[in-house]
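Contents: one structure, followed by commentary.
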Amino acid sequence: MGACVCKDKNQDPPITQAEESDSSSHASMHRQRDHSYYHSVATASGSDQSDRRHRHRHSHNRSHNHQRQHHGSHRRRRETEKEDVDRLVLETLFVIRTLVDNAQEPPLAMLILHEIADCDQGWLNVVKSLIRVIPMEDPLGPAVIALLLDECPLPTKDALLELKNHLNFKEMEVVETYGRPCQQRNICVLLGCLAEKLAGPNSISLLTTDILNYLIDHLKPTNHPIVILHSMVALEKFAQTSENKMRITQALQQCEVHPMTLLEDWYQRNNDNTPLSYSRREVGFCAGWCLDNLFIKEGRPFSYEQLDRSHLNVMLNSNDVSEYLKISADGLEARCDASSFESVRCTFQVDSGVWYYEVTIVTDGVMQIGWATKDSKFLNYDGCGIGDDEFSMAYDGCRQLIWYHAQSKLHTHRCWKPGDILGLLLDLDNQYLIFSLNGDPLPRYKQLFTHARSGFFAAASFMSFQQCEFNFGAKPFQYPPPVSFKTFNEYGSLRPEQKIVLPRHEKMAMMNNFVVSDDACTLCFDNVADTQLMDCGHRGFCEVCAIQLEKCPICRQRILKRVRMQPEETRTSTPPMQPLIPTPVV
């Protein structure tokens, strides 16, 4: 689809020591030469000493001039290298939105940066440039930092130590060196990406007391909302390691007032349509999510316990979602802060008639929002989401594209921005769909019905640091289309327990207590194993899991089709995961 660049995972290991000259070593070498020379002069005769001193003065002056010239050329070379890296980073940021094909080669600028970062000093130069030059106003800025760091080799311990010394968190000199909000944000994005990339002991060693204090200090409400947001996301990613999670939780609890309890009040949906208000909304969303899922505060009720969900009949499906997507407690808002391309479908399927829903854009980066059947696959690490197969179609307002079957076409709308309303109309009777932005419709699209005629869900995929809110009809639409249509919320239905989006630790506890039935799917253990794979004939899978498979997990044969079995067949079938055809003897 283009939300990620094709990656070479077979990278050579990073060089552990930088191959760069140090001006201080040159100065030391000159001093040693001068000392040896003076020692030889002291042992010479008096007349020779006078002559040699005269010659030495000229020699020393020439050496000193040469040294100054060398230092000057060295500084100029370093400045040129810094400018070159800055140019390559900005060029990558500029062209990244044009990468719309997973088979497409990464841009030349990115390949050069990858090669530069193959040694410690080069990696440091790239990282410093990311902090220095990525601007605040570009919606892809933080995602490009994450992408470039993910593409670069893993840093060595020496490189990480040098980075920490350069930023000097202990003396807070980082505020003086990188004082602009965009640079502070970039540092937080950098730390979060490193925590995600170095999970485990390396992440523990990276989270020094100075860095922990730096991130928590940036949670103060007086800071810029974007800096607060990415400080919080960095803490989330450090907390993926249990030891870090415990340290962060303790440090937050030791604050006079838990900073996230103040910030979660910023989560308001009646925004005044200013960029700052939507940034505050992002902060509030993440603060509430952290308090529900990671940094739990004793005595604070969970968000789902404080909501009236009686009017909600359709939500985002927290059981039909890729791994790292965050879903709000009411199931209507979603956000991705991972480096993967996360996707979700709603809980209600439509098969006939005309249907409409709206999406409020909270962030203006890469999201692909549209329609998908159950056959559409979520391959988050491959960068494939809604619109990247023949069973889904999506609108991309950042890159101004319509996606279908992993192919894209430009549309005529301007780039979306926070507060815009995306309208999505699906006419199953006449087989077309229409996307609109703030009530301005695009022409009809029919390609989706080449391979799918029914069984559609509202669906979306999210690049890093993106967020939006869905309206399935529980509240009035802002730009209803001028045709007769149905709303999801009017026709959908959910049991009370299905309306609860549980925090992750509660969901895990429930799964630990879950008893697997004999006819359960052998992959998810949630649904009935009612699907048979053909031509191999193996069973033991539910429909949801079967459509995610390309090869049979038992015999590795390519799956030609999937057959839904009748209930009596599932009860009388051979035990799950047993082949229905004899295995040849070799």
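The values are calculated or read from the model by the stated rules, or taken from the named source; none is laboratory data. This is a predicted model, so every value here is computed, not measured. Positions of Cβ are backbone-derived with ideal geometry, glycine not excepted, and every protein chain shown enters the neighbour counts. The area values use the complete protein model at the heavy-atom level, side chains included, leaving out ligands, DNA and RNA. Shrake-Rupley method; radii C 1.70, N 1.55, O 1.52, S 1.80 Å.
The figures follow:
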read-out: Residues (assigned to a helix (DSSP H, G or I) and either among the acidic types (Asp, Glu) or at pLDDT 95 or above (or both)) located in segment 254-276; value: PRO259, MET260, THR261, LEU262, LEU263, GLU264, ASP265, TRP266
read-out: Any hit, segment 561-581, residues being modelled with pLDDT of 90 or more, over 30 Å from GLY473 (Cα atoms) and β-branched (Val, Ile, Thr); value: yes
read-out: Residue within segment 210-230 that is over 17 Å from LEU276 (Cβ atoms), in contact (Cβ under 8 Å) with a residue 12 or more places away in the chain and open to solvent by 60 Å² or more (accessible area, probe 1.4 Å) present; value: yes
read-out: Close pairs from segment 70-98: first more than 16 Å from ILE131 (Cβ to Cβ) and in a helix (DSSP H, G or I), partner open to solvent by 30 Å² or more (accessible area, probe 1.4 Å) and modelled with pLDDT under 75, Cβ under 6 Å, at least 6 apart; value: HIS71/SER23; HIS74/SER23
read-out: Residues that are within 29 Å of the chain's Cα centre (by Cα) and either open to solvent by less than 10 Å² (accessible area, probe 1.4 Å) or within 17 Å of GLY473 (Cβ to Cβ) (or both), drawn from segment 438-452; value: LEU448
read-out: Qualifying positions in segment 287-317 - crowded, with 18+ Cβ neighbours inside 10 Å and either under 13 Å from PRO503 (Cα atoms) or aromatic (Phe, Trp, Tyr) (or both); value: GLY288, TRP289, CYS290, LEU291, ASP292, ASN293, LEU294, PHE295, PHE302, SER303, TYR304
read-out: Enumeration of residues in segment 109-137 that are outside any helix (DSSP H, G or I) and surrounded by fewer than 20 Cβ atoms within 10 Å (Cβ to Cβ); value: ASP118, PRO135, MET136, GLU137
read-out: Count of residues meeting criterion [among the hydrophobic types (A, V, I, L, M, F, W, C), surrounded by 20 or more Cβ atoms within 10 Å (Cβ to Cβ) and in a loop (DSSP other than H, G, I, E, B)] in segment 138-156; value: 2
read-out: In segment 425-450, the residues that are assigned to a loop (DSSP other than H, G, I, E, B) and acidic (Asp, Glu); value: ASP429
read-out: Qualifying residue in segment 508-526 (condition: among the hydroxyl-bearing types (Ser, Thr, Tyr) and closer than 30 Å to GLY284 by Cα); value: no
read-out: Extreme residue, surrounded by the most Cβ atoms within 10 Å (Cβ to Cβ), among residues of segment 341-363 that are in a loop (DSSP other than H, G, I, E, B), of a type outside the set (S, T, N, Q) and touching a Leu at 6+ places or on another chain (Cβ under 9 Å); value: PHE341
read-out: Flag if MET534 is open to solvent by 20 Å² or more (accessible area, probe 1.4 Å), closer than 30 Å to TRP289 by Cβ and not polar (S, T, N, Q); value: no
read-out: First in segment 413-435 and charged (D, E, K, R), second anywhere and at pLDDT below 95, Cβ under 9 Å, 6 or more apart; value: LYS417/PRO139; LYS417/PRO275
read-out: Inter-residue pairs, beta-carbon under 6 Å, first among the small types (Gly, Ala, Ser) and in segment 300-314, second surrounded by 15 or more Cβ atoms within 10 Å (Cβ to Cβ) and part of a helix (DSSP H, G or I), 6+ apart; value: SER303/GLY288; SER303/ASP292
read-out: Every residue from segment 418-437 that is at positive phi and either open to solvent by less than 40 Å² (accessible area, probe 1.4 Å) or in contact with a strand residue (DSSP E or B) (Cβ under 7 Å, 6 or more places away or on another chain) (or both); value: GLY419
read-out: Top-ranked residue in segment 90-108 [being charged (D, E, K, R) and out of contact with any helix residue (DSSP H, G or I) (no Cβ under 7 Å at 6 or more places or on another chain); ranked as surrounded by the fewest Cβ atoms within 10 Å (Cβ to Cβ)]; value: GLU105
read-out: Odd one out for CYS415, checked against (1) touching a Gly at 6+ places or on another chain (Cβ under 8 Å); (2) crowded, with 18+ Cβ neighbours inside 10 Å; value: (2)
read-out: Some residue of segment 356-369 being over 28 Å from MET136 (Cα atoms) and out of contact with any Gly (no Cβ under 9 Å at 6 or more places or on another chain); value: no
read-out: Test for PRO181: is it touching a His at 6+ places or on another chain (Cβ under 8 Å) and open to solvent by 20 Å² or more (accessible area, probe 1.4 Å); value: yes
read-out: Extreme residue, farthest from the chain's Cα centre (by Cα), among residues of segment 322-340 that are more than 11 Å from SER461 (Cβ to Cβ) and in a strand (DSSP E or B); value: GLU333
read-out: Residues that are surrounded by 12 or more Cβ atoms within 10 Å (Cβ to Cβ) and either under 28 Å from the mean Cα position of the chain (by Cα) or modelled with pLDDT under 85 (or both), drawn from segment 483-516; value: GLN498, LYS499, ILE500, VAL501, LEU502, PRO503, ARG504, HIS505, GLU506, LYS507, ALA509
read-out: In segment 324-340, the residues that are out of contact with any Leu (no Cβ under 9 Å at 6 or more places or on another chain) and open to solvent by less than 20 Å² (accessible area, probe 1.4 Å); value: LYS326, ASP337, SER340
read-out: Leading residue by the ranking (surrounded by the fewest Cβ atoms within 10 Å (Cβ to Cβ)) among those in segment 232-283 that are without any contact (Cβ under 8 Å) to a residue 40 or more places away in the chain, of a type in the set (D, E, K, R) and within 26 Å of THR363 (Cβ to Cβ); value: ASP272
